[in-house]
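I am attaching a structure below and will ask some questions about it afterwards.
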Amino acid sequence: MEIERKYLIHNLPDNLENYPQKKIEQGYLCTSPVVRIRRQNEEYFLTYKSEGLMSREEYNLPLTKEAYEHLKLKTDGYLISKTRYLLPLDEAHTIELDVFNAPFAPLYMAEVEFSTMEEAENFTPPEWFGEDVTFDGSYHNSAMSKGAHTKC
């Protein structure tokens with residue numbers, strides 16, 4: 001089960017290069033239900049996500065690079081490319097800050113994952129977080145792959 005809150009970010013924190021980061025490329029084979037392929041640095045995954053906004057089922061299966069490249073040709077819509085920075089929030093949580101490349105740049109989003117719904121519902125975001133878009137499905141990467149929030 002994935003339980004997360006999602007926020008727009010208007011100003012990036014200083015010294016992002018000092019935090020761990022992942023280069024991510026992902027595409028969608030289906031958006032209802034979500035079936036996604038992802039390259040994360042040199043790791044490859046096939047992911048299934050059920051419907052939902054703040055909470056949904058998620059299953060990740062490993063892929064080989066060859067399988068990823070084969071399936072990449074079969075994706076629909078935009079291929080999403082972003083850098084994910086991992087910023088510590090507290091002992092139990094990490095901020096996953098996504099800096100999107102074209103055609104979504106200059107979009108920045110932060111996600112925080114939780115263990116329970118109660119924890120997610122009671123979360124108070126840091127002051128530098130912008131609007132809470134957790135319940136706006138157009139900010140799901142699967143919707144963005146269809147053209148939501150493109151800047152070009």
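Among strands (runs of 3 or more DSSP E) lying entirely in the range 11-92, which contain 2 or more residues that are touching a residue at least 40 places away in the same chain (Cβ under 8 Å)?
The strands (runs of 3 or more DSSP E) meeting that bar are 21-31, 34-40, 76-88.
Can you give me the number of residues within the range 17-28 that are under 16 Å from residue 66 (Cα atoms) and open to solvent by 20 Å² or more (accessible area, probe 1.4 Å)?
The qualifying residues number 1.
Could I ask something else about it? Please specify each residue of the range 10-25 satisfying the condition of being of a type in the set (Asp, Glu) and under 14 Å from residue 43 (Cα atoms).
Scanning the range 10-25 gives a single hit, 25.
What are the residues in the range 97-120 that are of a type in the set (D, E, K, R) and either more than 14 Å from residue 7 (Cβ to Cβ) or without any contact (Cβ under 8 Å) to a residue 12 or more places away in the chain (or both), if any?
Let us first name the residues in the range 97-120 that are of a type in the set (D, E, K, R), namely 98, 111, 113, 118-119.
118, 119 - these are the residues of the range 97-120 that are of a type in the set (D, E, K, R) and either more than 14 Å from residue 7 (Cβ to Cβ) or without any contact (Cβ under 8 Å) to a residue 12 or more places away in the chain (or both).
Taking interchain pairs and intrachain pairs at least six residues apart, which have beta carbon atoms under 8 angstrom, with the first residue in the range 121-140 and farther than 24 Å from residue 34 by Cα and the second of a type in the set (Val, Ile, Thr) and modelled with pLDDT of 95 or more?
Hits for this filter: 123/112; 125/112; 126/95; 128/9; 129/9; 130/9.
Also, I was wondering about something else. Give me the residue from the range 106-152 that is small (Gly, Ala, Ser), open to solvent by less than 40 Å² (accessible area, probe 1.4 Å) and in a loop (DSSP other than H, G, I, E, B) and, out of that set, modelled with the lowest pLDDT.
Among them, the one singled out is 148.
Could I ask something else about it? May I ask you to verify whether residue 3 is part of a strand (DSSP E or B), farther than 23 Å from residue 134 by Cβ, touching a helix residue (DSSP H, G or I) at 6+ places or on another chain (Cβ under 7 Å) and not hydroxyl-bearing (Ser, Thr, Tyr)?
Here the answer is no, as residue 3 does not meet what is asked.
A further question follows. Looking at the range 41-81, which of the residues that are open to solvent by less than 60 Å² (accessible area, probe 1.4 Å) and among the β-branched types (Val, Ile, Thr) is nearest to residue 102 (Cα to Cα)?
80
How many residues, within the range 93-104, are out of contact with any Leu (no Cβ under 9 Å at 6 or more places or on another chain) and either assigned to a strand (DSSP E or B) or open to solvent by 40 Å² or more (accessible area, probe 1.4 Å) (or both)?
2
The values are calculated or read from the model by the stated rules, or taken from the named source; none is laboratory data. These numbers come from a predicted model, not from an experiment. All Cβ positions, even for glycine, are placed from backbone atoms using ideal geometry, and neighbour counts span all protein chains on display. To get the accessible areas, we keep the full protein, side chains included, count just its heavy atoms, and leave off ligands, DNA and RNA. Shrake-Rupley method; radii C 1.70, N 1.55, O 1.52, S 1.80 Å.
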